[in-house]
Amino acid sequence: MTAAPDIRGGRLASAEYAVNFADLHPAQTPHEARLAAERCLFCYDAPCQTACPTSIDIPLFIRQIATGNRLGSAKTILSANPLGAMCARVCPTETLCEEACVRNADADEPVEIGRLQRYATDLVIDEMRPIFRRAAPTGRKIAVVGAGPAGLACAHGLALAGHEVTIFDAREKAGGLNEYGIASYKATGDIAQREVDWLLSVGGITVETGKALGRDVTLAGLRAEYDAVFLGLGLQGVNHLGFHDGGISGVVDAIDFIARLRQAQADGRLDTVPVGRRVVVIGGGMTAIDAAVQAKKLGAEEVTIVYRRGPAEMGASRFEQELALTHGVTIRHYARVVELEDRDGQLHAVHVAVTGVDGGHVYDTNERFELSADMLLKAIGQTFLPEVLGHDLELAHGRIVIDDERRTSLPDVFAGGDCVAAGSDLTVVAVEDGKQAARAIDRQLRGGMEIVAA
């Protein structure tokens with residue numbers, strides 16, 4: 001007999017939550033960091049640096065750690081990536097810098113670049129060390145829409161150049177996906193907010209939360225009031241299942257589930273987050289993995305990820321897939337949810353078609369199976385809602401078109417992060433967009449001459 005639906009919080013004892021949501025990769029001690037740094041070969045024209053979207057001088061910052069210059073190492077990192085502390089935790093280093101590490105060539109383990117980056121930057125964030133100095137005030141004002149990684153990086157670069165920046169964000173806290181969309185065990189200790197506080201401490205940046213574009217402010221109004229505008233909106237919509245869920249209770253967007261977890265963690269109340277006994281997650285990306293693993297950590301008895309293609313096509317890295325498996329999550333590849341079954345409006349089961357792939361296209365076979373479920377987490381991607389712009393910006397594939405300088409089709413409007421057509425939905429890429437946009441805006445406002453702060 002199938003068990004009755006059961007969605008609730010408080011499945012675990014308080015001590016179990018603390019253990020389950022402890023840091024995935026604990027911080028290194030000075031001794032551990034030095035030993036890890038000494039494994040680096042300090043390559044000339046290092047492939048790890050080329051693989052980093054923000055082009056951090058990785059050999060230099062690791063050499064600085066090896067020689068005991070932790071603060072200098074942090075400055076090297078943060079000069080290239082002002083959100084280096086969070087990126088050290090959430091970047092898929094296993095497919096970026098660490099995958100490119102030459103240590104892999106001799107069947108050895110790569111240098112622990114991500115953990116070393118965290119070791120260096122945590123010193124600055126924990127102690128709120130001011131390592132940059134603003135340039136003289138320019139009298140110019142720039143509006144930044146979105147307080148996520150792209151917007152924060154852009155604002156920081158512009159503030160260092162002496163400009164005044166106002167950030168508008170629809171949510172209650174700054175940070176974007178770093179605050180609301182990252183698994184709680186990857187970003188413990190309120191690190192996302194502490195990094196925001198450090199970044200804002202440079203001065204010249206005002207943050208107005210609860211202000212949404214298209215509702216509280218308009219692009220036309222911002223263009224009239226400010227010398228330039230940067231759009232780091234992220235993605236506001238969620239993709240549809242492809243069939244009507246009929247408002248069935250227990251069907252939840254995974255990104256909302258993760259956001260609730262993050263805020264509950266900040267309040268010390270993980271026991272208030274409801275989770276089903278049997279959870280199905282649709283999707284194959286990082287959000288699907290984060291949602292599935294955290295459902296398990298909250299006390300779900302069964303968690304199954306359903307993905308329509310094979311493991312090689314999953315957006316989540318191999319490390320993330322293995323992380324899910326080691327936490328007891330089942331991954332059903334070549335499977336697609338085609339129907340939901342409810343009882344009295346509460347999810348009871350999901351019906352799944354076995355899929356095949358032909359010429360890159362997914363098709364349903366005649367084989368079907370059923371999974372009992374009282375909770376379904378949708379991690380099938382987000383979409384940009386261009387109607388919030390209220391302006392004719394050039395779009396491609398539903399996102400904003402930009403050039404190499406992150407300039408849109410309007411000369412005084414720039415954009416970056418997930419809302420742009422060239423985006424790759426990575427935090428570190430969003431940071432690079434914001435950084436490059438800040439430089440381009442600064443050059444434009446100065447008539448071609450860029451000012452770099454100390």
Q: Over the chain, with every protein chain in place, what whole percent of the accessible area is carbon and sulfur at 1.4 Å, could you tell me?
A: 49
Q | Exposure of residue 8 as accessible area (Å², to 10), given a probe of 1.4 Å and all protein chains | A | 110
Q. Mind checking which lysines have their C-alpha under 17 Å from residue 297, skipping anything on the same chain fewer than 8 residues away?
A. 186
Q | 326, 188, reordered so the largest accessible area comes first (probe 1.4 Å) | A | 326, 188
**Q.** Dipole axis of region 92-199 (+1 Lys, Arg; -1 Asp, Glu on Cβ), positive-most option in 155, 121, 196
**A.** 155
Q: Order the following by accessible area, largest value first: 140, 260. Probe radius 1.4 Å; ligands, DNA and RNA are ignored.
A: 260, 140
Q | Within the chain, helix-based [θ] at 222 nm, where runs of 4 or more DSSP H residues each add -39,500 (n - 2.57), nearest 500 | A | -9500 deg cm²/dmol
Q) How large is the accessible surface per residue of the chain, computed with a 1.4 Å probe and reported in Å² as a whole number? A) 43
Q) Each residue of region 271-277 in turn: what ³J(HN,Hα) in whole Hz from Karplus with 6.51, -1.76, 1.60 and θ = phi - 60°, glycine and Pro shown as x? A) 5, 8, 7, x, 9, x, 6
Q: Give the percent of DSSP beta bridges with both residues in the chain that are antiparallel, rounded to the nearest 5.
A: 40
Q. Which peptide among 238-245, 411-418, 289-296 comes first, and what is the full order, when sorted by highest mean count of other Cβ atoms within 10 Å?
A. 289-296, 411-418, 238-245
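The values are calculated or read from the model by the stated rules, or taken from the named source; none is laboratory data. Remember, predicted model here, so these are calculated numbers, not experimental data. Every residue, glycine among them, receives a Cβ derived from its backbone with ideal geometry; neighbour counts consider all protein chains shown. Keep in mind that these areas ignore ligands, DNA and RNA; they rest on the heavy atoms of the full protein, side chains included. Shrake-Rupley method; radii C 1.70, N 1.55, O 1.52, S 1.80 Å.
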